[in-house]
1. By DSSP, what percent of the beta bridges with both residues in the stretch 63-220 are antiparallel, rounded to the nearest 5?
2. How would 188, 67, 89 line up from fewest to most surrounding beta-carbon atoms within 10 angstrom?
3. Restricting to Cα pairs below 8 Å that are 6+ residues apart, what does the relative contact order work out to for the stretch 82-220? Please round to a whole percent.
4. Show me 131-142, 70-81 ranked by packing, highest mean number of other Cβ atoms within 10 Å first.
5. Sequence gap at least 6, Cα distance under 8 Å: using those rules, report the relative contact order of the stretch 44-144 to the nearest whole percent.
6. How would you classify the stretch 121-220 from its alpha-carbon gyration tensor, with a ≥ b ≥ c the square roots of the eigenvalues: rounded for a/c under 1.5, else prolate if a/b is greater than b/c, otherwise oblate?
7. For 42, 179, what ranking results if the residue with the fewest other Cβ atoms within 10 Å of its Cβ goes first?
8. Looking at the square roots a ≥ b ≥ c of the eigenvalues of the Cα gyration tensor of the chain, which shape do they give, rounded for a/c under 1.5, prolate if a/b is larger than b/c, or oblate?
C-alpha cells in the first residue's frame with residue numbers, strides 16, 4: 001500500500017480547504033467545543049455517527065487511528081467508553097487551526113494523542129475515520145466537491161493498513177427540499193469508486209435512524 005500523499009497531490013484544492021476551515025472556525029467561535037461547534041445538532045446524533053464509523057476497527061487489540069476532520073477530538077470520549085482497556089494511538093487532523101488548538105487543550109493529558117493542522121494525515125495508521133467530512137459543500141459545484149471526495153478517499157485508503165470509514169448524507173426523494181450547501185449521494189456511487197479506483201471492499205451500514213449511511217472500506 002502506498003504511503004501518505006505529498007502536499008503536491010492536493011494541488012487545486014487549496015481554496016476549497018480554506019473555505020472549509022473558515023466555515024468550521026466560525027462554527028467553533030459561535031458554539032464552542034460542542035457538537036454544534038462542529039455543525040452537529042446534538043451529542044446523541046454525533047455519537048450515533050461515530051459508533052457506525054468505529055465498526056471498522058478491531059478493538060480486541062491495540063491499534064492506531066487517524067481521525068481526519070477531527071474537530072475538537074470528540075471521538076476520543078467515545079473511544080474511552082467503547083475500548084476502555086484497549087490502547088489506541090490517536091492522531092487527529094483538521095483543516096481549522098482553531099479546532100486543533102481546542103482539541104490540544106481538551107486532550108493534553110491523554111497519552112498517545114496528537115493533533116495536527118492539515119488536509120492529510122502525515123502517517124499510516126491501522127485505521128482512519130472521517131465523520132461528516134463530505135456533508136457541507138458550501139457553494140462548491142458538485143463536480144468539484146466530488147473531486148475533493150474522491151481525492152480524500154484515495155488518501156484515506158493510502159494511509160490505512162486495515163481499513164477506513166466515512167459517512168455521507170443520503171439523497172432525498174425527487175422533489176424534496178434540501179439545502180444547496182449540502183452534498184447528498186447514493187451508496188452505490190462511492191462503493192463503486194472504492195471497488196474500481198481503490199481496489200477495496202466497501203460495506204454499507206444503514207439505516208441507523210438518520211438520513212445518511214456509513215461506508216466501511218477495507219483492503220481486498
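1. Working: 13 of 34 bridges.
Percent antiparallel among DSSP bridges in the stretch 63-220 is about 40.
2. On the way: 188 10, 67 27, 89 16.
Fewest-to-most Cβ neighbours within 10 Å comes out as 188, 89, 67.
3. Values: 197 pairs, mean separation 28.3, N = 139.
This gives 20 percent for the stretch 82-220.
4. Details: 131-142: 17.1, 70-81: 20.1.
Going from most to least packed, we get 70-81, 131-142.
5. Working: 138 pairs, mean separation 35.1, N = 101.
After rounding, I find 35 percent.
6. Numbers: a/c = 1.97, a/b = 1.56, b/c = 1.26.
Taking the square roots of the gyration eigenvalues as a ≥ b ≥ c, the stretch 121-220 is prolate.
7. Values: 42 11, 179 8.
The most exposed by this proxy come first: 179, 42.
8. On the way: a/c = 1.26, a/b = 1.12, b/c = 1.13.
Rounded shape, in that the Cα axes give a/c under 1.5.
FYI, it's all coordinate maths here, none of it is from the lab. Being a predicted model, the structure only gives us computed values, none of them experimental. Cβ atoms come from the backbone with ideal geometry, glycine included; neighbour counts cover every protein chain shown.
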